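K.L.:
I have a structure here, written as structure tokens, and I will follow up with some questions on it.
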Amino acid sequence: TKNYDYLIVGAGPFGMIFAHEAAKRGKRSLVVEKRPYIGGNTHTHTEHGITVHDFGAHIFHTDNKEVWDYIRKFAEFNGYQNQVVANYKGTLYNLPFNMNTFYQMWGTKTPDEAHAKIEEQKQIALKDLGDRQPRNLEEQAISLIGTDIYNKLIKGYTEKQWGRKATELPAFIIKRLPVRFIYDNNYFNHRYQGIPVGGYTQIFENMVAESNGLVDVLTDTDFFDYKETLLSEFPRVLYTGMIDQFFDYKFGELEYRSLRFEHEVIDSNNYQGNAVINYTDSETPYTRVMEWKHLDGLADEGKTIITKEYPQEWDRSKEAYYPVNNDKNTQIYKAYATEARKSHPEIIFGGRLGKYRYFDMDQVFNDAFNTVRQEFGIDQEFNFAHD
Ligand code: FAD
């Protein structure tokens, strides 16, 4: 019965930022969220004093100062830097590929030695290829980095991620393989990085709390149970669910990869000594094991919580995580996006499911700012962090 200005479907980062910023401009929103909590895939909860990320490790990293200053208005960040270790059949390597990895792989100690080794490996692969282009992911990866790193650190992991042999995967999945000729295990190349102390969910709770009562959230509420009524009652809608589902899959179904997470509480102070360990062989059924306390630098006596991440085929009964951006899906997405503009100009389709794109959190924040700019006629120069 309240006079809402916006219906927002999905209480993930995109929806919550929009609701918060609309409230600052005096607009009232109703957010419907099908899950029992807000925060979308960034949702975290606390157990045994440890912050657990429910949908895989979320490390905030960005070069965008506006986004970095903005998010820190809603939570304090620690100085966590992601440093991933790979376990290949019991031998450990540092990631991403850097001087530590090359030393562990070949015993090379200087950048020149490492360069020469990679060049030597690449030349063998390029000779095998002759003049033709790499036809699949395996050929592509070997031509970029050689066989040793490919076989031990890329092949098994990638095949598990995609559920297909590397020789059956398209070459375009790997465009470049960044290598660093310095001893530096920092996974991300971004200036700002960290984890919110106490988790991500508080960020979105604080956005609601700081909205002058203009944001109402209904959890456990699936938009599709009330679609027609909601659309007829709300003048303007922000939809962050799956775009193909909105149109009842009339142009076909967009494909995703899914994941299954297995959480375990373990009676140990320190189970694996690192937040993330990747299992890069093809036999281990999971791709990574997270030990959450290391994201917070906690060393509490007693318990620890780990999560194993298993890739799996997606179907409509499972969570959709990674879009499969091949030609077929790109065409299908374009058909939906065109239809959306034509038949529903009153609806903004946003976020990773509404746009069928993999977005890191900072990209979602930036995209949400741009949507707010557009919706409220705000200048490009306007800085949301200083508002
Ligand atoms: P979401 O967070 O997915 O929110 C959409 C919300 O809409 C969900 O809560 C959903 O339940 C709801 N919804 C959907 N349909 C309906 C409906 N019909 N009715 C009601 N509600 C509905 N990013 C990083 O920056 N760093 C990382 O380290 C990182 N790690 C990641 C690891 C994994 C395994 C995954 C999958 C993603 C990771 N990301 C990471 C990306 C991050 O999760 C996204 O950027 C972010 O969640 C996108 O926000 P969103 O609002 O677009 O979508």
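The values are calculated or read from the model by the stated rules, or taken from the named source; none is laboratory data. This is a predicted model, so every value here is computed, not measured. Reconstructed Cβ throughout: ideal geometry from the backbone, glycine too, with neighbour counts over all protein chains shown.
K.L.:
Just the residues that are away from the ligand (no atom under 14 Å from the Cβ) and within 24 Å of residue 196 (Cα to Cα), please, taken from segment 24-39.
P.N.:
Scanning segment 24-39 gives a single hit, 24.
K.L.:
Go through segment 30-39 and report how many residues are more than 21 Å from the chain's Cα centre (by Cα) and either crowded, with 24+ Cβ neighbours inside 10 Å or assigned to a helix (DSSP H, G or I) (or both).
P.N.:
The qualifying residues number 1.
K.L.:
Also: So which residues in segment 121-147 are of a type outside the set (Lys, Arg), more than 33 Å from the chain's Cα centre (by Cα) and outside any helix (DSSP H, G or I)?
P.N.:
Result: 130, 131.
K.L.:
Then there is this: Of all residues in segment 8-29, which are surrounded by 21 or more Cβ atoms within 10 Å (Cβ to Cβ) and outside any helix (DSSP H, G or I)?
P.N.:
8, 9, 10, 11, 12, 29
K.L.:
List the strands (runs of 3 or more DSSP E) inside segment 174-240, counting only whole elements, that have at least 1 residues being in contact (Cβ under 8 Å) with a residue 40 or more places away in the chain and surrounded by fewer than 17 Cβ atoms within 10 Å (Cβ to Cβ).
P.N.:
Output list reads 215-218, 236-239.
K.L.:
Restricting to segment 80-99, name every residue that is of a type in the set (Gly, Ala, Ser) and on the phi > 0 side of the Ramachandran plot.
P.N.:
90, the sole residue that qualifies.
K.L.:
While we're looking at this one, here's another question. Among (1) at positive phi; (2) out of contact with any helix residue (DSSP H, G or I) (no Cβ under 7 Å at 6 or more places or on another chain), there is one condition residue 146 misses while meeting the rest; what is its number?
P.N.:
Among (1) at positive phi; (2) out of contact with any helix residue (DSSP H, G or I) (no Cβ under 7 Å at 6 or more places or on another chain), residue 146 violates only (2).
K.L.:
Let me ask something else about it. If we scan segment 89-101, do we find a residue that is closer than 27 Å to residue 264 by Cβ and small (Gly, Ala, Ser)?
P.N.:
Checked against the condition, which is being closer than 27 Å to residue 264 by Cβ and small (Gly, Ala, Ser), segment 89-101 yields at least one hit.
Matching residues to (1) more than 12 Å from the ligand (Cβ to nearest atom); (2) within 11 Å of residue 201 (Cα to Cα); (3) within 18 Å of the chain's Cα centre (by Cα):
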site	(1), (2), (3)
13	no, yes, yes
22	yes, no, no
55	no, no, yes
61	no, no, yes
64	no, no, yes
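K.L.:
Which residues, counting only those in segment 116-130, are among the polar types (S, T, N, Q) and free of Cβ contacts under 8 Å to residues at least 12 places away in the same chain?
P.N.:
Correct list: 123 only.
K.L.:
Same structure, new question: Check every one of the strands (runs of 3 or more DSSP E) wholly within segment 255-354 and list those with 3 or more residues that are within 14 Å of the ligand (Cβ to nearest atom) and over 30 Å from residue 375 (Cα atoms).
P.N.:
256-266, 288-291, 304-313
K.L.:
Here's something else I'd like to know. Kindly check whether there is at least one residue in segment 4-22 that is over 22 Å from residue 233 (Cα atoms), small (Gly, Ala, Ser), in the same structural domain as residue 222 (by TED's automatic domain parsing) and at pLDDT 95 or above.
P.N.:
Yes, segment 4-22 has at least one match.
K.L.:
Do you know which residues across segment 220-252 are closer than 23 Å to residue 364 by Cβ and near the ligand (Cβ under 9 Å from one of its atoms)?
P.N.:
Listed by number, the residues that qualify are 221, 222, 223, 224, 239, 240, 241, 242, 245, 246.
K.L.:
Of all residues in segment 127-139 being out of contact with any Phe, Trp or Tyr (no Cβ under 8 Å at 6 or more places or on another chain) and surrounded by 14 or more Cβ atoms within 10 Å (Cβ to Cβ), which is nearest to residue 272 (Cα to Cα)?
P.N.:
Among them, the one singled out is 137.
K.L.:
Right, here's the next one. Might you check whether a residue that is surrounded by 18 or more Cβ atoms within 10 Å (Cβ to Cβ), of a type in the set (A, V, I, L, M, F, W, C), over 22 Å from residue 67 (Cα atoms) and within 15 Å of the ligand (Cβ to nearest atom) occurs anywhere in segment 363-383?
P.N.:
Taking every residue of segment 363-383 in turn, none turns out to be surrounded by 18 or more Cβ atoms within 10 Å (Cβ to Cβ), of a type in the set (A, V, I, L, M, F, W, C), over 22 Å from residue 67 (Cα atoms) and within 15 Å of the ligand (Cβ to nearest atom).
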